[in-house]
């Protein structure tokens, strides 16, 4: 079965976004297994107890990767801009990409079902404008989407372990939140290799992700972390993200039972 280039392109956009910017998402939360109590700040003790800037940055990635509330992430990666909201209580991940190599698109993962919508497909595209399509979770594109959503805790752990050094820059207030700013250095090739080997080793075409990560990821990572050890903002050579915690999620309404299967050619 041949996956359409547009569908694969959307999946690669999501995969690269996750690889370049570890975000506040958790494997176990998306799979339905609790990893903690929503609103529980006890995990921040590992951040408070850390005695070096590198240990604090690693703790922040761990905390953000296992957070169990509702999180909004606004990301700009490789010229693609997207907003993703994860609601762990409802097992939902909703992403809107306003700019990407395949044009604007939306992806909805809800209770094991995966849907995609393209807002401005080309005349030659097999997709119709604004139609929600059902994506087979076991397809190549489906696996790329879901591996990203379901393994963010692992992604953050790989990212944290690939950091080689960090320094504390100072205290700053951003978006009305008191934060500590850190500058950390990352072993990009080691991170990319571990990321691909752990998540996407058997996925066709995954070398595109590896190549883009190595080419586009700068080793310098700027982080703004709140007092609970949660990452509020992350900047990495034009690959930027901001995170907002405990937000509300409104899902698009459409007849899911009538959603046609996504074109595969």
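The values are calculated or read from the model by the stated rules, or taken from the named source; none is laboratory data. Please read all numbers here as calculations on a predicted model, not as lab measurements. Using ideal geometry, Cβ is built from the backbone for each residue, glycine included, and neighbour counts are taken over all protein chains shown.
Out of curiosity, is residue 32 surrounded by fewer than 24 Cβ atoms within 10 Å (Cβ to Cβ), in a helix (DSSP H, G or I), at pLDDT below 85 and out of contact with any helix residue (DSSP H, G or I) (no Cβ under 8 Å at 6 or more places or on another chain)?
no
Take residue 100 and decide whether it is touching a helix residue (DSSP H, G or I) at 6+ places or on another chain (Cβ under 7 Å) and without any contact (Cβ under 8 Å) to a residue 60 or more places away in the chain.
Against the criterion (touching a helix residue (DSSP H, G or I) at 6+ places or on another chain (Cβ under 7 Å) and without any contact (Cβ under 8 Å) to a residue 60 or more places away in the chain), residue 100 does not qualify.
For the range 57-79, enumerate the residues that are within 14 Å of the chain's Cα centre (by Cα) and more than 17 Å from residue 225 (Cα to Cα).
Within the range 57-79, 70, 76, 77, 78 meet the criteria.
Here is a list of conditions, (1) surrounded by 18 or more Cβ atoms within 10 Å (Cβ to Cβ); (2) part of a loop (DSSP other than H, G, I, E, B); (3) at pLDDT below 50, and residue 37 meets all of them except one; can you say which number that is?
Only one criterion in (1) surrounded by 18 or more Cβ atoms within 10 Å (Cβ to Cβ); (2) part of a loop (DSSP other than H, G, I, E, B); (3) at pLDDT below 50 is unmet by residue 37, namely (1).
Taking the stated definitions as given, is residue 141 modelled with pLDDT under 95, assigned to a helix (DSSP H, G or I) and closer than 24 Å to residue 218 by Cβ?
When the stated conditions are applied, residue 141 does not pass them.
Is it the case that residue 54 is modelled with pLDDT under 90 and assigned to a helix (DSSP H, G or I)?
no
Of (1) in a strand (DSSP E or B); (2) closer than 14 Å to residue 61 by Cα, residue 178 satisfies all except one. Which?
(2)
For every residue, the table says whether it meets (1) assigned to a loop (DSSP other than H, G, I, E, B); (2) under 18 Å from the mean Cα position of the chain (by Cα).
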{"site": "84", "(1), (2)": "no, yes"}
{"site": "96", "(1), (2)": "no, yes"}
{"site": "109", "(1), (2)": "no, yes"}
{"site": "116", "(1), (2)": "no, yes"}
{"site": "129", "(1), (2)": "yes, no"}
{"site": "133", "(1), (2)": "no, no"}
{"site": "146", "(1), (2)": "no, yes"}
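Only one of 67, 47, 94 is buried (at least 20 other Cβ atoms within 10 Å of the Cβ), within 28 Å of residue 179 (Cα to Cα) and modelled with pLDDT under 85; which?
67
Residue by residue, here is whether (1) modelled with pLDDT of 90 or more; (2) within 30 Å of residue 112 (Cα to Cα); (3) buried (at least 18 other Cβ atoms within 10 Å of the Cβ); (4) out of contact with any helix residue (DSSP H, G or I) (no Cβ under 9 Å at 6 or more places or on another chain) holds:
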{"residue": "163", "(1), (2), (3), (4)": "yes, no, yes, no"}
{"residue": "191", "(1), (2), (3), (4)": "no, yes, yes, no"}
{"residue": "199", "(1), (2), (3), (4)": "no, yes, yes, no"}
{"residue": "213", "(1), (2), (3), (4)": "no, yes, yes, no"}
{"residue": "231", "(1), (2), (3), (4)": "yes, yes, yes, no"}
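Quickly run through the range 228-265 and pick out the residues that are without any contact (Cβ under 8 Å) to a residue 40 or more places away in the chain and part of a strand (DSSP E or B).
235
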